[in-house]
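Encoded as structure tokens, here's the structure I'll be asking about.
The values are calculated or read from the model by the stated rules, or taken from the named source; none is laboratory data. Keep in mind that what you see is a predicted model, and the values were worked out from it rather than measured. Methodologically, a virtual Cβ is constructed for each residue, glycine included, from the backbone with ideal geometry; neighbour enumeration extends over all protein chains shown. Remember, those area values only see protein heavy atoms, side chains included, never the ligands or the DNA or RNA. Shrake-Rupley method; radii C 1.70, N 1.55, O 1.52, S 1.80 Å.
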Amino acid sequence: MTATEYEVIIGLEVHAQLLTRSKMFCGCPTAFGGAPNSQTCPVCQGMPGVLPVINRRAIEFGIRTALALDCTINAGCRFARKHYYYPDMPKNFQISQYEEPLAVEGWLSVEVNGTARRVGIQRLHLEEDVGKLIHEGTLETARASLVDFNRSGVPLMEIVSKPDVRSAEEAAAYLRALRAILIYLGVCDGNMEEGSFRCDANISLRPKGSTEYGVKVEIKNMNSFKNVQRALEFEAQRQAKALAAGERIVQETRLWEADKDYTLSMRSKEYAHDYRYFPEPDLVPLRVEQRWVDRLRTTLPELPGERRQRFVARYGLPAYDADLLTQSRALADYYEAVVREYAKPKVVSNWVMSELLRELPGDDEAAIARCPVPPLNLARLLALIDNGTISGKIAKDVFEKMYRSGEDAEAIVKREGLRQLADVDVLGSVVDQVLGANAGAVADWRKGKKQSLGFLVGQVMKATQGKANPALVNQLLLERLSKGS
Amino acid sequence: MAEPKITLAEVEHVARLARLDLSQAEKERMRSQLDAILTYIDKLRQLDTDNVEPTSHAIPMVNVMREDEVRPCLPTEAMLANAPERASDFFRVPRIIEE
């Protein structure tokens, strides 16, 4: 009997904190890291009788994101109360959206190993974040918890994918693509460590070829792309093993334990959740007028997907290069700034992808901002290769030195005497020496073994510590070789 | 007598969701009061509402919003003044027990 092959079905739920100045329903600031309970008021502490008022910018951020994900924006949308008891939410309900979310039915293009697939977006809605609990000891042993309500009421956007994701790798790619869009839009800072971009996943297995879904398990507590991928890989294997052993999968929530590399079941609840959603009576409905949407559409920046396509069309870059260079807005901006000064797009791409990204600690805003080699300096370095001042090989060493010292290329070339040898007389005598010392290779060439030219070029380069102008070396060698034959 | 609109078990469920600890007598009283309310709802249901759009709010208003401006918060001390228990600037709450 052959083992059953399973298909992995994953759906992802992202909570993104919006970069508004004030909270979703009150004027308290959203800044991260304030002293405990220093950024609250009766509204975000859920005192009885307070009245929430919707933050217009939060709605606009939601609409912009919905447009970027090609969603249908609901003309009528409403907030709803989601009831549950937990000390992170003292009014015992969270203002969220239920039956009439801001937007539905979008999609996102996700690329894994060069193959792009569309992952559907089921819904996008807005809600308020809850307070932060610090347990005295662990959740199991704590006798009490401490509550900080600074985060309570910060605008959250929830984006739920369809169960279209088919591997842990694809899940990570989806999250990267979504995070890049939110950062390009300027609606979320995408900081996973500080929790402004959070992700939960639903995962189930089904026999290959089956069209029904298996029992799904929810995974929480994955605070990096790497953890998402590892947690889902682990969980897919756990479920496959259980199914192969004839066990049933229990619908439950499991926590990813990053240090221990496994998912752990949270104690299952005796009662199913009963959130008793109903329309929030204190907030009148929203009517999202087409004019409003159209105006917001004009404010959309170029998104990663469009920029990738433009890089291919305008600069003639391979898809691979375009994809890598548009992962972050900052890196793509850097690339384009170099190309403006040095108009050989593929050469710039090679240098950015190999030399620059090898040195940079990341490709994000912060890494680019701290890059010691500004775009203009890279462009000048490349121009030095073109005008024959230095060879391409030397240029790589110069780049490393530029990165270490922050100096520009000319200064390093001058100080270290790296200027390329392009003097016909000087180079000619080196060529003569090499020809004299390598009679065998010369004879080979004359017998028709043309590859030996490459060897001779190499010898000249070696004799000049890589400083000889390769084109000139070629020319001088050929002149002498054909003269002598 | 008509079929009861709500059972004692349902009252207990709703009471648990609302964290209400009701005595046996209170449960009975709630059951009969809720029963009366639901009976009245049945009467409302007899109205023909086929051509009436469902509404969630009593006032015909939409799009009430504020600009994204930061306004002063209340001082931490004021916000913590009613805390049953505190630890430095945190609210201190009993351990959370999952059901």
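When only residues in the stretch A:101-124 that are in contact (Cβ under 8 Å) with a residue 60 or more places away in the chain and farther than 16 Å from A:Leu175 by Cα count, which is nearest to the other protein chains (Cβ to nearest Cβ)?
A:Leu102
Here is a further query. What number of residues within the stretch A:275-309 satisfy the criterion of being within 14 Å of chain B (Cβ to nearest Cβ), among the basic types (Lys, Arg) and in contact with a helix residue (DSSP H, G or I) (Cβ under 8 Å, 6 or more places away or on another chain)?
1
Can you tell which of A:Arg206, A:Arg179, A:Arg238, A:Arg198 is touching a helix residue (DSSP H, G or I) at 6+ places or on another chain (Cβ under 9 Å), among the basic types (Lys, Arg), in the same structural domain as A:Met266 (by TED's automatic domain parsing) and modelled with pLDDT of 90 or more? Can you show your working first?
Details: A:Arg206 fails: touching a helix residue (DSSP H, G or I) at 6+ places or on another chain (Cβ under 9 Å); A:Arg238 fails: touching a helix residue (DSSP H, G or I) at 6+ places or on another chain (Cβ under 9 Å); A:Arg198 fails: touching a helix residue (DSSP H, G or I) at 6+ places or on another chain (Cβ under 9 Å).
The unique qualifying residue is A:Arg179.
Next question. Regarding the stretch A:142-151, can at least one residue be identified that is touching a strand residue (DSSP E or B) at 6+ places or on another chain (Cβ under 6 Å), closer than 27 Å to A:Thr115 by Cα and assigned by TED's automatic domain parsing to the domain that holds A:Arg56? It would help to see each step written out before you state the result.
Step one: of the stretch A:142-151, the residues touching a strand residue (DSSP E or B) at 6+ places or on another chain (Cβ under 6 Å) are A:142, A:144-148, A:151.
If we keep only those that are closer than 27 Å to A:Thr115 by Cα too, we end up with none.
There is no residue in the stretch A:142-151 that is touching a strand residue (DSSP E or B) at 6+ places or on another chain (Cβ under 6 Å), closer than 27 Å to A:Thr115 by Cα and assigned by TED's automatic domain parsing to the domain that holds A:Arg56.
Just to be sure, is B:Ala78 more than 28 Å from A:Val284 (Cα to Cα) and within 11 Å of another protein chain (Cβ to nearest Cβ)? If you could, list the steps in order and put the result at the bottom.
Details: more than 28 Å from A:Val284 (Cα to Cα): yes; within 11 Å of another protein chain (Cβ to nearest Cβ): yes.
So B:Ala78 passes the test.
Against the condition within 21 Å of the chain's Cα centre (by Cα) and hydrophobic (A, V, I, L, M, F, W, C), how does B:Leu38 come out, does it pass? Give the derivation first.
On the way: within 21 Å of the chain's Cα centre (by Cα): yes; hydrophobic (A, V, I, L, M, F, W, C): yes.
When the stated conditions are applied, B:Leu38 passes them.
How many residues are within 14 Å of chain B (Cβ to nearest Cβ) and either in contact with a Leu (Cβ under 8 Å, 6 or more places away or on another chain) or of a type in the set (Val, Ile, Thr) (or both) when one looks only at the stretch A:221-253? Walk me through it before giving the result.
Going through the stretch A:221-253, the residues within 14 Å of chain B (Cβ to nearest Cβ) turn out to be A:252-253.
Then keep just the ones that are either in contact with a Leu (Cβ under 8 Å, 6 or more places away or on another chain) or of a type in the set (Val, Ile, Thr) (or both); that gives A:253.
Going through the stretch A:221-253 one residue at a time, the tally reaches 1.
If we scan the stretch A:407-429, do we find a residue that is at positive phi and surrounded by fewer than 17 Cβ atoms within 10 Å (Cβ to Cβ)?
Of the stretch A:407-429, the ones at positive phi are A:417.
Remaining after also requiring surrounded by fewer than 17 Cβ atoms within 10 Å (Cβ to Cβ): A:417.
Yes, there is a match, as at least one residue in the stretch A:407-429 is at positive phi and surrounded by fewer than 17 Cβ atoms within 10 Å (Cβ to Cβ).
How about the stretch A:327-346: which of its residues are farther than 24 Å from A:Asp189 by Cα and open to solvent by less than 50 Å² (accessible area, probe 1.4 Å)? Give the derivation first.
Filtering the stretch A:327-346 down to residues farther than 24 Å from A:Asp189 by Cα leaves A:338-346.
Answer for the stretch A:327-346, where residues must be farther than 24 Å from A:Asp189 by Cα and open to solvent by less than 50 Å² (accessible area, probe 1.4 Å): A:Val338, A:Val339, A:Tyr342, A:Pro345.
Is one or more of the residues making up the stretch A:191-202 closer than 30 Å to A:Pro36 by Cβ, within 13 Å of the chain's Cα centre (by Cα) and surrounded by 17 or more Cβ atoms within 10 Å (Cβ to Cβ)? Before you say what the answer is, go through the steps one by one.
Within the stretch A:191-202, the subset closer than 30 Å to A:Pro36 by Cβ is A:191-200.
Subsequent filtering for residues that are within 13 Å of the chain's Cα centre (by Cα) retains A:191-192, A:197.
Filter once more, keeping what is surrounded by 17 or more Cβ atoms within 10 Å (Cβ to Cβ): A:192, A:197.
Among the residues of the stretch A:191-202, at least one is closer than 30 Å to A:Pro36 by Cβ, within 13 Å of the chain's Cα centre (by Cα) and surrounded by 17 or more Cβ atoms within 10 Å (Cβ to Cβ), which makes the answer yes.
Here's another thing I want to ask about it. Can you name the residue in the stretch A:148-170 that is in contact with a Gly (Cβ under 8 Å, 6 or more places away or on another chain) and crowded, with 21+ Cβ neighbours inside 10 Å and, of all such residues, is nearest to the other protein chains (Cβ to nearest Cβ)?
Let us first name the residues in the stretch A:148-170 that are in contact with a Gly (Cβ under 8 Å, 6 or more places away or on another chain), namely A:148-152, A:157, A:160-165.
Then keep just the ones that are crowded, with 21+ Cβ neighbours inside 10 Å; that gives A:148-152, A:157, A:161, A:165.
Details: A:Asp148: 6, A:Phe149: 8, A:Asn150: 9, A:Arg151: 13, A:Ser152: 11, A:Met157: 15, A:Ser161: 28, A:Val165: 29 Å.
Among those residues, the one meeting the criterion is A:Asp148.
Could you tell me which residue of the stretch A:119-132 is most open to solvent (accessible area, probe 1.4 Å), considering only residues that are outside any loop (DSSP other than H, G, I, E, B) and within 28 Å of A:Cys41 (Cα to Cα)?
Just the residues of the stretch A:119-132 that are outside any loop (DSSP other than H, G, I, E, B), to begin with: A:119-128, A:132.
From what is left, the residues that are within 28 Å of A:Cys41 (Cα to Cα) are A:124-128, A:132.
Numbers: A:Leu124: 0, A:His125: 9, A:Leu126: 1, A:Glu127: 10, A:Glu128: 8, A:Lys132: 86 Å².
Going through the qualifying residues, I end up with A:Lys132.
A:Gly186 is checked against (1) within 14 Å of another protein chain (Cβ to nearest Cβ); (2) open to solvent by 70 Å² or more (accessible area, probe 1.4 Å) and fails just one. What number does that condition carry?
The single condition A:Gly186 does not satisfy is (2).
Additional query: Identify the residue in the stretch A:276-298 that is open to solvent by 60 Å² or more (accessible area, probe 1.4 Å) and part of a loop (DSSP other than H, G, I, E, B) and, among all such residues, is modelled with the lowest pLDDT.
Of all residues in the stretch A:276-298, those open to solvent by 60 Å² or more (accessible area, probe 1.4 Å) come to A:276-278, A:281-282, A:287, A:289-291, A:294-295, A:297-298.
Checking which are part of a loop (DSSP other than H, G, I, E, B) leaves us with A:276-277, A:281-282, A:289, A:298.
Details: A:Arg276: 90, A:Tyr277: 93, A:Pro281: 93, A:Asp282: 94, A:Glu289: 94, A:Thr298: 94.
Filtering first and then ranking leaves A:Arg276.
Further, regarding this structure: Just for the stretch A:49-97: of the residues that are farther than 17 Å from A:Met24 by Cα and among the aromatic types (Phe, Trp, Tyr), which one is farthest from the other protein chains (Cβ to nearest Cβ)?
In this case the residue turns out to be A:Tyr84.
Go through the stretch A:133-249 and tell me which strands (runs of 3 or more DSSP E), entirely inside it, have 3 or more residues that are over 30 Å from B:Glu77 (Cα atoms). Explain how you work it out, then say what you get.
Numbers: elements: A:144-148, A:155-161, A:197-207, A:217-222.
Filter on the stretch A:133-249 gives A:155-161, A:197-207, A:217-222.
Looking at the stretch A:133-147, which of the residues that are charged (D, E, K, R) and at the interface with chain B (Cβ under 9 Å from one of its Cβ atoms) is least open to solvent (accessible area, probe 1.4 Å)?
As a first pass, look at the stretch A:133-147 and keep what is charged (D, E, K, R): A:136, A:140, A:143.
Filter again for at the interface with chain B (Cβ under 9 Å from one of its Cβ atoms), leaving A:136, A:143.
Numbers: A:Glu136: 66, A:Arg143: 191 Å².
Among residues in the stretch A:133-147 that are charged (D, E, K, R) and at the interface with chain B (Cβ under 9 Å from one of its Cβ atoms), the one least open to solvent (accessible area, probe 1.4 Å) is A:Glu136.
On to the next question. Taking the conditions exactly as written (without any contact (Cβ under 8 Å) to a residue 60 or more places away in the chain and out of contact with any strand residue (DSSP E or B) (no Cβ under 8 Å at 6 or more places or on another chain)), does A:Gly440 satisfy them or not? Steps first, answer last, please.
Details: without any contact (Cβ under 8 Å) to a residue 60 or more places away in the chain: yes; out of contact with any strand residue (DSSP E or B) (no Cβ under 8 Å at 6 or more places or on another chain): yes.
Taking the combined requirement at face value, the residue satisfies it.
Something else about it: Take the conditions open to solvent by less than 50 Å² (accessible area, probe 1.4 Å) and small (Gly, Ala, Ser) and apply them to A:Gly316. Does it pass?
no
Taking the stretch A:26-41 on its own, how many of its residues are part of a loop (DSSP other than H, G, I, E, B) and within 7 Å of chain B (Cβ to nearest Cβ)?
Qualifying residue count, the stretch A:26-41: 9.
Also, quick follow-up: Among the residues of the stretch A:363-374, what is the count of those that are open to solvent by less than 60 Å² (accessible area, probe 1.4 Å) and either in the same structural domain as A:Ile183 (by TED's automatic domain parsing) or farther than 21 Å from A:Asp397 by Cα (or both)?
Within the stretch A:363-374, residues that are open to solvent by less than 60 Å² (accessible area, probe 1.4 Å) and either in the same structural domain as A:Ile183 (by TED's automatic domain parsing) or farther than 21 Å from A:Asp397 by Cα (or both) number 3.
Still on this structure, I have one more. Among the residues of the stretch A:1-25 satisfying the criterion of being within 14 Å of chain B (Cβ to nearest Cβ) and free of Cβ contacts under 8 Å to residues at least 60 places away in the same chain, which is least open to solvent (accessible area, probe 1.4 Å)?
Among those that are within 14 Å of chain B (Cβ to nearest Cβ) and free of Cβ contacts under 8 Å to residues at least 60 places away in the same chain, it is A:Ser22.
Here is a follow-up. Just the residues that are charged (D, E, K, R) and surrounded by 14 or more Cβ atoms within 10 Å (Cβ to Cβ), please, taken from the stretch A:213-252. Full working, then the answer.
Of the stretch A:213-252, the ones charged (D, E, K, R) are A:216, A:218, A:220, A:226, A:230, A:233, A:235, A:238, A:241, A:247-248, A:252.
Matches in the stretch A:213-252: A:Lys216, A:Glu218, A:Lys220, A:Arg230, A:Glu233, A:Glu235, A:Arg238, A:Glu252.
Output the helices (runs of 4 or more DSSP H) that fall wholly within the stretch A:374-485 and possess 2 or more residues being acidic (Asp, Glu), or say none. Write out each step before concluding.
Working: elements: A:375-386, A:392-405, A:409-415, A:424-437, A:439-446, A:452-463, A:470-484.
Answer list for the stretch A:374-485: A:392-405, A:424-437.
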